[in-house]
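Asks: Attaching a single structure in structure tokens format; questions to follow.
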Amino acid sequence: MWGWIPDTTSIQLLETKIVWQSKQSAACQSDYKKNGSVGGRYVFLLIAVLVSNIPDSYAQFERITDPEILGNGDQLFQENCAICHGKKAQGLVENWQVSGEDGKFPPPPLNGTAHTWHHPLNGLAHTIRNGTLEIGGSMPGWKDKLSDDDIFAIVIWISSLWPDEIYNAWMQRNVK
Ligand code: HEC
């Protein structure tokens, strides 16, 4: 859609690149930027922001603030997800950890108060793409409706709701 990853639209690949990238020196990074086929802008937004040489517990990751990504993510979330997860991803039930009589769990908040941030981008994308019906949950899969770019934008919008410490903890899981 925005051509940020022309070769493949796999978020898995994106994550591989994040992992790889975060382990490279600054020199390699600029080399990659020059030669990379990824049209690296968005990939770089996500990873170039790692302040290197700082111990994990202090690492700070800059936010993605691109208004196009955030705007799209917000809009797509309101159109497709808010009905179950709430307009601000706050969840619509009092306790998302209690299953209903059918044994299924309600849609959890995605706003940083539940455990969404425990899952790296890759894992979240997998859940969103495939849904949870096949594993006994009740979320439909979105892969026929949303592109990987869409899903990426939604996840970035969701993560924009998280406080810094949650966002940093999530990013640490992304770069490990
Ligand atoms: C029909 C209701 C429904 C809709 C619509 C829905 N979800 Fe969900 N979602 C759920 C439920 C229920 C769960 C909890 C997993 C389960 O047990 O099914 C869940 C779980 C998730 C999780 C995992 C959360 C975690 O903390 O691990 C993510 C991420 C997620 N949804 C994102 C989305 C996104 C993005 C959309 C819109 C594209 C969306 N959901 C639309 C019902 C929904």
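Read the figures in this text as sums done on the coordinates, not as results from a lab. Computed from a predicted model, the values in this text were never measured in an experiment. Cβ sites come from the backbone with ideal geometry, for glycine too, and all protein chains shown count toward neighbours.
Asks: Do any GluC sites (Glu not before Pro) in segment 79-122 lie in a DSSP loop with no more than 13 other beta carbon atoms within 10 Å, and if so, which?
Replies: Answer by residue number: Glu94, Glu101.
Asks: Then there is this: Sort Asp149, Asp164 by Cβ crowding within 10 Å, fewest neighbours at the top.
Replies: So the residues, fewest neighbours to most, are Asp164, Asp149.
Asks: Give me the extension gain from Asp144 to Ser160: residue separation times 0.36 nm, minus the current Cα-Cα distance, reported in nm with one decimal.
Replies: Full extension of this stretch gives 3.2 nm more.
Asks: Would you mind putting 67-75, 119-127 in packing order, based on average other-beta-carbon counts within 10 Å, highest first?
Replies: 119-127, 67-75
Asks: Note down the net charge around Ala89, summing +1 for each Lys or Arg and -1 for each Asp or Glu among other residues with Cβ under 14 Å from its Cβ.
Replies: Combined, the nearby Lys, Arg, Asp and Glu give 0.
Asks: Distance from a point 7 Å along Cα→Cβ of Leu70 to each backbone N in segment 122-157: keep the residues under 17 Å and list them by number.
Replies: Residues passing the 17 Å test: 152-157.
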